[in-house]
1. Quick one: if you stick a label point 7 Å off each Cα along the C-beta vector at residue 82 and residue 149, how many nm between them?
2. Just subtract the alpha-carbon distance of residue 255 and residue 239 from 0.36 nm times their residue separation and send over the number in nm, one decimal.
3. Could you check the simple spin-label distance between residue 176 and residue 32, using points 7 Å along Cα→Cβ, in nm with one decimal?
4. Using a basic spin-label model with each label point 7 Å from the Cα along Cα→Cβ, how many nm lie between residue 202 and residue 17?
5. Which part of region 37-53 falls in the paramagnetic zone of residue 2, meaning amide N under 17 Å from the point 7 Å along Cα-to-beta-carbon?
6. Order the peptides 103-115, 204-216 from the highest to the lowest mean number of other Cβ atoms within 10 Å of their residues.
7. Would you mind checking the radius of gyration and Dmax of region 1-79 based on alpha-carbon positions, in Å?
8. Using the reciprocal of the averaged 1/r over all distinct C-alpha pairs, how large is the Kirkwood radius of region 117-161 in Å?
Amino acid sequence: MEPPEVIEEFKHFFENNCLGDISNAASFFEVDFNKLSKWNLDLANELLDNPEETIKAAELVVKLFDSTKEKSISAWFVNLPNTQHRNAWEVRKDDIGKMIGLKGIINKSTSIIHICASAKFECPVCGNIINILQLDSTFKEPSKCGCGRKGKMTLLDKKIIDTIKLGLADDLMDKDNIDRSIAREKISILSGKDLTSHQIDKRIKPGRKVILNGYFKYHQKTNSTEFDSIFQVNSIEFLQVGWDTVFINNKVEKSIIELAK
Ligand SMILES: [Zn+2]
């Protein structure tokens, strides 16, 4: 789908399904993927295949429907099909850049940290403005301008965002992990103010079982050929951990019943 079409289709979808949610939202509202795919399968598939651009388009459209124009409201896509769910150890390179639901147990969470997401520089010779995305911990500056000037540029502006870093461990009680003895972890980054809002922040605690819906992005490390993969979270679903999530096969069930006699 072309970007203008994605925007047009989100307009139809939100107009008919989400106006109440948008006007009641403090910082985000949930979009049930199942509902989206019933409404427009192509749009739903576009979200799975090309999440970064599709989520951006959705948020542009949300702005049109937000009457206050003061809030910045995110669309949280939840309830992805099971085929998109992955444990951390199941993630393969084909999953990079696709919308997936990363399942696991939070084993680490930082308090809110402020990171510089991008910085604007000006060339002192020609006045050209250069935007540099800041994706790792080293602050990057442009080394040269299109006009040929090399060396220091004037720093004009920095965009600071709130984020939380999370560690996610495989849930060894999950039936897909029953044969695994080690819980591997992945570090994820939650970006955006909706995920660091007080309401959500309070619930992000070690031990909570979650599905983080989002996508992996590769970032080249500064002065290196190595890449970091960072998971960009769009939404978070908190799961109940109870006996119903424990998988018992027929054989085990029979022996438990035998033992109980
Ligand atoms: Zn220049």
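1. It is 6.0 nm.
2. Values: separation 16, 0.36 × 16 = 5.76 nm, distance 2.90 nm.
Stretched fully, the residue 255-residue 239 segment lengthens by 2.9 nm.
3. With each label point 7 Å from Cα toward Cβ, the separation is 2.3 nm.
4. With each label placed 7 Å out from Cα toward Cβ, I get 3.0 nm.
5. Hits in region 37-53 for residue 2 at 17 Å: 43.
6. Numbers: 103-115: 16.5, 204-216: 18.2.
Those peptides, ordered most packed to least, come out 204-216, 103-115.
7. 11.5, 32
8. On the way: mean 1/r = 0.0931 Å⁻¹.
This gives a value of 10.7 Å.
Rule-based calculations on the coordinates, nothing more; no lab input. In this text, all values refer to a predicted model and were calculated from it rather than measured experimentally. Positions of Cβ are generated from backbone atoms using ideal geometry, with glycine treated the same way; all protein chains shown enter the neighbour counts.
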